[in-house]
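Contents: one structure, followed by commentary.
The values are calculated or read from the model by the stated rules, or taken from the named source; none is laboratory data. Values in this document were obtained by computation on a predicted structure and should not be read as measured data. In this analysis, Cβ positions are derived from the backbone assuming ideal geometry, glycine residues included, and neighbour counts consider all displayed protein chains.
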Amino acid sequence: MPALDQILDTILDAVGNTPLVRLSHLGATTRTPVVAKVEFLNPGGSVKDRIGLAMIEAAEKAGHLRAGGTIVEPTSGNTGTGLAIAAALKGYRLVCVMPDKMSSEKIALLRAYGADVVVCPTAVPRESPQSYYSVAERLAREIPGAFQPNQYFNPANPAAHEATTGPEIWQQTNGRITHFVAGMGTGGTISGVGRVLKGHNPAVQVIGADPVGSIYSAGERFTPKIYKVEGIGEDFLPSTMDLSVVDRIEVVDDKESFLMARRLTREEGILAGGSSGSAVAVAMRIAHELDDSNALVVVLLPDTGRNYLSKIYNEEWMRSNGFLEQFPTHSVGDVIGPRKLPAFIGVLARDSVRSAIDTMQNYGISQLPVVEPDGDGAAGRMVGSIQERTLLDRVYRDPSLVDSAVGAAMDPPFPTLPRNAEIDDAFDVLLGGGAPALVVLDRDQPVGMLTKLDLLEFVAQESRTRHTHR
């Protein structure tokens with residue numbers, strides 16, 4: 001039987017003391033060691049577990065929150081979870097107000113803890129009555145016994161990191177840390193940790209990762225822009241952000257953040273969220289810039305990738321938002337290039353249906369474009385198509401059709417793409433548009449055809465090539 005002093009009284013006692021993990025694969029091309037503070041190993045799955053209890057206890061001590069009261073907080077989800085764990089143990093009701101860009105997993109998680117969730121539009125100014133900040137303030141006024149911790153202006157937020165996260169990092173690195181990298185949201189984490197580290201060694205560099213469209217990196221040039229990474233960046237300056245301890249701010253866009261998060265998962269086995277991807281992208285910039293074995297970069301990973309399975313770890317979502325290009329270096333011309341068949345096979349509108357059938361049999365294909373030749377005898381304007389699936393039905397109903405001209409039995413023309421179009425465009429045409437084939441053009445002249453089977457074979461070949469070269 002284990003000793004009683006190894007048993008925690010509540011799950012809140014499991015918050016903190018998260019490990020540092022070396023990023024050996026991502027850091028293989030630099031001499032600078034990069035280690036990650038893995039904050040998603042907190043019970044609620046994020047660094048915000050550290051401030052949830054701290055803000056509630058500060059409110060209780062100040063008399064702002066009493067038994068049976070309601071906590072109302074504007075949150076991107078993680079602070080809400082930290083508050084929800086503490087509220088569940090202390091018997092408070094929790095109302096979380098969130099912007100609508102947050103993942104469905106975060107909303108479901110908060111509801112699982114018993115919180116009420118109110119979703120508000122993202123694309124409105126902070127001062128708008130519809131913004132999640134304004135809605136939270138209104139609910140805090142209207143609900144009897146309600147209190148808003150307000151992580152953006154609550155000194156207990158950075159104080160929690162001064163008391164726990166900062167000292168942990170200093171002790172875990174034996175004071176060897178030279179650079180600390182973290183995302184910039186409310187500012188509580190980077191400010192609290194930065195104060196501690198600089199208190200021990202003023203030479204430690206504190207670097208913030210900021211999304212495109214945030215006020216921190218834009219400064220006086222700030223104009224609000226919508227970004228999809230969650231939990232970092234702001235459109236106003238919270239009082240919990242102490243910019244005096246931040247030595248440098250690096251901007252990271254959504255695509256780089258999400259692709260780095262996916263690399264972190266697949267190369268290091270660390271399933272982290274998009275803001276972790278932002279921070280790691282900056283940490284790797286710093287590491288390559290230094291290329292110094294005596295330096296030590298610590299990057300904080302705020303939350304788990306399990307909150308984003310429907311987004312950054314979903315291929316369809318990534319592709320539809322332009323963050324993932326399956327074959328960025330290939331064109332449709334690459335697909336038709338290596339074939340042994342003639343570059344382009346078509347029939348004339350005046351040819352007989354029987355000759356079209358013979359052509360399809362000779363080449364083992366199931367559809368043909370129908371063209372009208374130009375003055376030089378080359379394939380010219382496409383006027384239709386012959387397709388095995390519809391031709392069979394027509395000939396079955398009228399066998400004499402085989403001796404008619406193709407023009408009497410043809411379907412509409414196939415869609416076209418230029419030879420230099422990206423292969424992703426071919427996927428969109430054949431899968432999204434539902435066409436059985438498309439015609440590839442070079443200077444408006446047809447030079448080949450692509451079918452779904454052609455793309456499938458190309459993908460299979462690319463997959464074999466990638467695995468061979470790993």
(message) Here are the criteria: (1) surrounded by 16 or more Cβ atoms within 10 Å (Cβ to Cβ); (2) over 35 Å from the mean Cα position of the chain (by Cα); (3) among the small types (Gly, Ala, Ser). Tell me which single one ALA408 does not satisfy.
(response) (1)
(message) So the check is Cβ under 8 Å with 6+ separation or different chains; which pairs have a first residue in segment 407-426 that's part of a loop (DSSP other than H, G, I, E, B) and a second one that's among the polar types (S, T, N, Q)?
(response) MET410/SER385; PRO412/SER385; PRO413/SER385; PHE414/GLN367; PHE414/SER385; ARG419/SER331; ASN420/SER331; ALA421/SER331
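Just the residues that are under 24 Å from SER134 (Cβ atoms) and either of a type outside the set (S, T, N, Q) or surrounded by fewer than 23 Cβ atoms within 10 Å (Cβ to Cβ) (or both), please, taken from segment 63-75.
Our first condition is that a residue be under 24 Å from SER134 (Cβ atoms); within segment 63-75, this holds for 64-65, 69-75.
Selection gives HIS64, LEU65, GLY69, THR70, ILE71, VAL72, GLU73, PRO74.
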(message) Out of everything in segment 36-51 that is assigned to a helix (DSSP H, G or I), more than 20 Å from the chain's Cα centre (by Cα) and in contact (Cβ under 8 Å) with a residue 60 or more places away in the chain, what residue ends up being farthest from LEU23 (Cα to Cα)?
(response) ILE51
(request) Please indicate, with yes or no, whether at least one residue in segment 219-240 is free of Cβ contacts under 8 Å to residues at least 40 places away in the same chain, surrounded by fewer than 16 Cβ atoms within 10 Å (Cβ to Cβ) and at positive phi. (result) yes
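Identify all residues within segment 282-300 that are surrounded by 24 or more Cβ atoms within 10 Å (Cβ to Cβ) and within 14 Å of LEU26 (Cα to Cα); write none if there are none.
Kept after step one, since they are surrounded by 24 or more Cβ atoms within 10 Å (Cβ to Cβ), are these residues of segment 282-300: 282-283, 287, 297-300.
Those that are surrounded by 24 or more Cβ atoms within 10 Å (Cβ to Cβ) and within 14 Å of LEU26 (Cα to Cα): VAL282, ALA283, ALA287, VAL297, VAL298, VAL299.
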(message) Being at negative phi, in a loop (DSSP other than H, G, I, E, B) and not assigned by TED's automatic domain parsing to the domain that holds ARG263 is the requirement here; does SER24 meet it?
(response) no
(request) Output yes when any residue across segment 440-453 is assigned to a helix (DSSP H, G or I) and in contact (Cβ under 8 Å) with a residue 12 or more places away in the chain, and no when none is. (result) yes
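Looking only at segment 240-293, how many residues end up being of a type in the set (Gly, Ala, Ser), more than 18 Å from LYS37 (Cβ to Cβ) and in a loop (DSSP other than H, G, I, E, B)? Outline the logic, then answer.
The initial filter retains those residues of segment 240-293 that are of a type in the set (Gly, Ala, Ser), namely 244, 257, 261, 269, 272-279, 281, 283, 287, 293.
Among the residues that remain, those that are also more than 18 Å from LYS37 (Cβ to Cβ) are: 244, 293.
Still in the list and also in a loop (DSSP other than H, G, I, E, B): 293.
Residues meeting the conditions: 1.
Which ranges mark the helices (runs of 4 or more DSSP H) fully within segment 155-217 that have 1 or more residues being among the β-branched types (Val, Ile, Thr) and within 24 Å of LYS61 (Cβ to Cβ)?
On the way: elements: 156-163, 165-172, 188-200.
Answer list for segment 155-217: 165-172, 188-200.
Among the residues of segment 150-172, is there at least one that is over 26 Å from VAL299 (Cα atoms) and surrounded by 19 or more Cβ atoms within 10 Å (Cβ to Cβ)? I'd like the intermediate steps shown before the answer.
Step one: of segment 150-172, the residues over 26 Å from VAL299 (Cα atoms) are none.
No - not one qualifying residue is present in segment 150-172.
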(message) Take TYR113 and tell me if it is touching a helix residue (DSSP H, G or I) at 6+ places or on another chain (Cβ under 8 Å) and on the phi < 0 side of the Ramachandran plot.
(response) yes
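Which residues, taken from segment 383-404, are outside any helix (DSSP H, G or I) and either surrounded by 16 or more Cβ atoms within 10 Å (Cβ to Cβ) or among the β-branched types (Val, Ile, Thr) (or both)?
So in segment 383-404, the residues outside any helix (DSSP H, G or I) come out as 383-387, 398, 404.
Within segment 383-404, VAL383, GLY384, SER385, ILE386, GLN387 meet the criteria.
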(message) Under 6 Å between Cβ atoms, which residue pairs at least 6 apart in sequence (or on different chains) link something in segment 185-197 that is more than 18 Å from GLU250 (Cβ to Cβ) with a partner that is of a type in the set (Asp, Glu) and at pLDDT 95 or above?
(response) GLY192/GLU162; ARG195/GLU162; VAL196/GLU162
(request) Would you mention how many residues in segment 21-35 are surrounded by 13 or more Cβ atoms within 10 Å (Cβ to Cβ) and either charged (D, E, K, R) or out of contact with any Asp or Glu (no Cβ under 9 Å at 6 or more places or on another chain) (or both)? (result) 5
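Quick check on ILE107: is it among the β-branched types (Val, Ile, Thr) and either crowded, with 24+ Cβ neighbours inside 10 Å or more than 26 Å from GLY274 (Cβ to Cβ) (or both)? Working first, answer last.
Numbers: among the β-branched types (Val, Ile, Thr): yes; either crowded, with 24+ Cβ neighbours inside 10 Å or more than 26 Å from GLY274 (Cβ to Cβ) (or both): no.
No.
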(request) Go through (1) assigned to a strand (DSSP E or B); (2) more than 20 Å from GLY231 (Cβ to Cβ) one by one and return the number of the condition ARG141 breaks. (result) (1)
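Given GLU39, GLU57, which one is over 21 Å from TYR308 (Cα atoms) and of a type in the set (D, E, K, R)? Before you say what the answer is, go through the steps one by one.
Working: GLU39 fails: over 21 Å from TYR308 (Cα atoms).
Selected residue: GLU57, the only one of GLU39, GLU57 that is over 21 Å from TYR308 (Cα atoms) and of a type in the set (D, E, K, R).
Tell me the residue from ALA261, ALA182, ALA209 that is farther than 26 Å from ARG126 by Cβ, within 26 Å of the chain's Cα centre (by Cα), small (Gly, Ala, Ser) and buried (at least 19 other Cβ atoms within 10 Å of the Cβ), please. Quick ask: steps written out before the conclusion?
Details: ALA182 fails: farther than 26 Å from ARG126 by Cβ; ALA209 fails: farther than 26 Å from ARG126 by Cβ.
Answer to the selection: ALA261.
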